[in-house]
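Read-outs: derived from the displayed coordinates by stated rules, not from any lab. Just so you know, these numbers come straight off a predicted model, no measurement behind them. With ideal geometry, Cβ positions are generated from the backbone for all residues, glycine too; neighbour counts draw on all protein chains shown.
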Amino acid sequence: MRMFLQNFARVGSAFVLLVALLGVSGCREEDGGVRVTRMTFTGLNAVEPEQLTSVLATGAGSRLPWGERRYFSREQFEADLKRIAAFYSDRGFPDARVTSFDVSLSEDQTSVAITINISEGEPVVAERVELVGFDELDPARRRAIEARLPLQDGQPLDRALIQASRETAVDGLREEGYPYASVRLSDGPGSGDRQRVVQLVAETGPLARHGPLEIQGNSSVGSEVIQRQLTFRPGQVYRQSRLLESQRKLYALEVFQFANVQAVREEGQEPVEIPTRVVVTEGKHRKVNFSAGYGSEERARVQADWRHVNFFGGARTAGVRARYSALDRGVRLNFREPYLLSPRYSAGLQGQYWYSDEPAFTLLNVGGRITVNREFGRAPRGTTGGGSPVNTLSLTYANEWEDYSISNETLLDPTARDDLIALGLDPRFGTGRGQRSSISIDAGRNTTDNILNARRGYLAGAHVEQAGTWLAGDYDYYELTGEGRYYLALGNLAVVAVRAHGGSIDAIRGDAEVEGAVPFYKRYFLGGATNLRGWGRFEVSPLSGAGLPLGGHTFMNFSTEIRVPVWGQLGGVLFLDGGNVWSNPWEFKMNELRYNIGPGIRYNTPIGPIRADLGYQLNPIPGLRVDGEPEARRFRFHFSIGQAF
C-alpha cells in the first residue's frame, strides 16, 4: 500500500485517489469485477484518444448489452499511467505527464468512469531531415524519396516515424537499382534546445541489374507465357517491386496454384547481375463452380460456371455460365486472350442468350460483343489488394438482337397509348424488337483497399456509348454516364462512404427523334437495393397518366453511408439516398430530387457482407402505382449480399 501511495504522489491528489481505488477494488460483481463504462482524456492536442487507448490495458467496454465487457484492475491502471508517459516520449514529447485522474464509482458500485488529465508539454521537433550519401540518384528521384519520408521538417521526433523514414529511404534506394543499400540514422543539435537535425546516411553499394532468368515447375504452360507476365528483362536496372508485380501477374492468370519470383543471391556476395528464379506449380485447368443465394429483388438464384483457364494453351480462358433468378436467366459463353500484342492489352469475346424480367419491361437479348482492355497503372502498396490494376480502359463493340415488351400494368393503362407509340412500341401488345449495333468506351480508376468491402480509397468511372449511324442497326443514340465513390475510415470507429452517379442518353438526330432512336430498355429507372432504397426496384421515374413508371433519359443519384462496427463481424449503417429520373435528355432538375433515409445491418463473410436495409421516403412520389395498385407505403426493405456500393 505504501508503494501504491508513492507511485501516485507525483500526479497529485494521492489520498483521494487511494480512497477511490480502494473503494473500487472492494466492489466486485459475481461475473468478474467492476466494469469500466467510460474512459476519457483531457489535454490531448497532439494525439487522438483512439491512439492512446490502443496502448493501454484499461479501457471502456461496449455500451451494448451484448458487447465486450472490460473490468477495472488497479495494477493495470498503475502500469497504464506509466505507459502514457512512455507513449508520449516515443512520439517526441519527453515532458508529457499525467497531472491527475478521477475514478468515479457508480451508485450501485458495479462500474466506474475514468477521466485522465494530461499535460503534453512542448515537443522536440525535427528542424531538418537530411539525406546524406544519396548523390548517386538523379535529383528528381532524390526529391521523390524526400517527399515520401514519414518524418518531415517541423514534426515531433516520433520514434516510429524515424524508423519508418529509414525504411522508406532504404526501399527508395533498392527501387533505383541499389539492392545492397543500407541507411543508418544520425541526429545532431539544431538551432534551439528543442530542435534536432535528423540525417539518413546511406551506403548505396554497387548498382545492380536483373541477370539471367530461370523458370521451374511449368509443364503444360509454356515458358514464353510466364516470361511475358514478367515486368522486367535481363539487363534492366534491378527493382524489387518488379519481382512482386510479376508474381501478382502470374497469379492473375489463374493457371498457377503457386507462383514465386525471387532473386537468387549467395550469402555474403553482392553480384551486379542478379539472377531471378521463377518457381510455379500448375493448378487444375478446368474449374466448375456452383452457387446459390437469395435477395429481396432476385429472390432465389442459382448459377453454374465451367471454365478452362488454359484453353488451347497460352493461358487463354474459355467458359460457359448459366444462371437463373427472378430478374434474369440465360447462358453466356466467353473467351479471353490475356496477351494481345503486349501484356498490357487483353481481348475478350462474349456470346449470350439472356432474358431479363424487370418490373417495367422484359427483354430477350441474343448476340455477342468483343472487348479490348488496356491496363495502365498499378495500385500503390496497401490499396486494391496490394498491386491490382488502378487505371483501366476498354473498347467494346456489341451486336445484339433484342426483343422486349413493357409490363402488363403499363400496357393496360389507357393513358399510356400515345407514350407507347412514341416509344416505337406496338400499342396493342407493348412489344418492340430490333438490332443494336454499338461501340462503347469505359475508363476507370480504382484505389480502394478492398473490392468487396472498401474502407479507404476512391473509385471513378466513365462510360461513353454510341449506337447506329455508321454502325448500322435499328437504333441511333449516344450515352454518357459517370460514377464516383469515396471511402474514408475514421480509425476503427466508422467508415464514411459516398457515391455519386448520373448520366443521360439522347438521339443522335436530336430531341425530336429521341423516343424512337433509344430503345425502351435503355431508359433509366431508379429505386431498389443499390440506389434509392426508400423505393422498390424501378419505382422512381417519370410516370404515365395512371401513375406507372415509364423511365426517362436522364438520371442522377447520390448516396452517403456511415458504417459502424457493432460486435464481431456485425455492423450497422445509417444512410441517406437522393436522386431522380427525368424525361428529357440532359434535363437535371435539382429541386425535384427524391430523398430517403434509413438504417441497415451488415454481417461480414468471406464473399462479402450480408446486407439488410430499411429505407424510408422523405418525399414520396404522388400518384405512384406499384403492380397496378396505388402505393401508400413510405418504406422498403432490402436484403442482399455485398455493400450497396
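In summary, the lysines within cross-link reach of K287, defined as a Cα separation below 24 angstrom excluding same-chain residues under 8 places away, comprise K249.
Computed from phi, the 3J(HN,Hα) profile of the range 221-230 under the Karplus parametrisation 6.51, -1.76, 1.60 (θ = phi - 60°) reads 9, x, 4, 5, 5, 5, 5, 6, 7, 6 Hz, with x in place of Gly and Pro. When each of the peptides 302-313, 172-183 is scored by how many other beta carbons lie within 10 Å of its residues on average, the order from highest to lowest is 172-183, 302-313. Listed options for Rg/Rh (Cα atoms, Kirkwood Rh) are (1) 1.05; (2) 1.02; (3) 0.99. The value calculated from this structure is the one marked (1).
The Cβ shell under 12 Å around Q303 holds other residues with a net charge of +2, Lys and Arg each +1, Asp and Glu each -1. Ranked by the mean number of other Cβ atoms within 10 Å of their residues, highest first, the peptides 636-642, 292-298 fall in the order 636-642, 292-298. Can you list which of the trypsin sites (Lys or Arg not before Pro) found in the range 581-635 are DSSP loop residues with at most 16 other C-beta atoms within 10 Å? Passing both the DSSP loop test and the Cβ count: K589, R633, R634.
Exposure proxy for M556, M39, M590: other Cβ atoms within 10 Å of each Cβ, ordered fewest to most, give M590, M556, M39. Between 0 and 90 degrees, the angle of helix 139-148 with respect to the longest Cα principal axis of the chain falls at about 80 degrees. A simple spin-label model places the labels of V498 and T560 0.8 nm from each other, with each point 7 Å out along Cα-to-Cβ.
Computed from the Cβ-Cβ distance with R0 of 56 Å, the FRET efficiency linking E254 to S119 stands at 0.45. What the Cβ-Cβ distance of V288 and A263 gives, at R0 = 30 Å and to the nearest 0.05, is a FRET efficiency of 0.20. Angle of helix 159-175 to the longest C-alpha principal axis of the chain, folded into 0 to 90 degrees and rounded to 10: 60°.
Against the chain, whose longest principal axis is taken from its Cα atoms, helix 14-25 shows a tilt of about 50°.
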